[in-house]
Amino acid sequence: MFNIIMLVVFSLVTLFYAFYIASHIRYAASLSGATDKKALAKSIFAIVISVVTLAILWFQAAFVYLYR
């Protein structure tokens, strides 16, 4: 039962981060021709942090699943 709950929660968090990443990609694409390099850098940084967070999250899920 715990595995099912964990899978559902982690899937919902993954969907949230996927939407967050997609919105920042769209924002970064709209700024690519602009001169506002600080906003572009912040958007790319948000994308990188989101991907790293997702990787850590799923690594933790695999660890709990395999070693519980």
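Structural remarks
- Percent RCO, i.e. relative contact order, over the chain, from Cα pairs under 8 Å lying at least 6 residues apart: 40 percent
- Each residue of the stretch 13-26 is assigned a 3J(HN,Hα), and the resulting list reads 5, 5, 5, 4, 5, 4, 5, 4, 5, 4, 5, 6, 5, 4 Hz, derived from the Karplus form 6.51 cos²θ - 1.76 cosθ + 1.60 (θ = phi - 60°), x at Gly and Pro.
- Length released on extending from LYS42 to TYR17, taking residue separation times 0.36 nm less the Cα-Cα span: 7.4 nm
- Across all Cα atoms of the chain, the radius of gyration (one decimal) and Dmax (whole number) stand at 15.6, 52 Å.
- Local net charge near LEU31, Cβ-Cβ under 11 Å (Lys/Arg +1, Asp/Glu -1): +3
- Against the chain, whose longest principal axis is taken from its Cα atoms, helix 37-67 shows a tilt of about 10°.
Rule-based calculations on the coordinates, nothing more; no lab input. These figures come from a predicted structure and were not determined experimentally. Cβ atoms come from the backbone with ideal geometry, glycine included; neighbour counts cover every protein chain shown.
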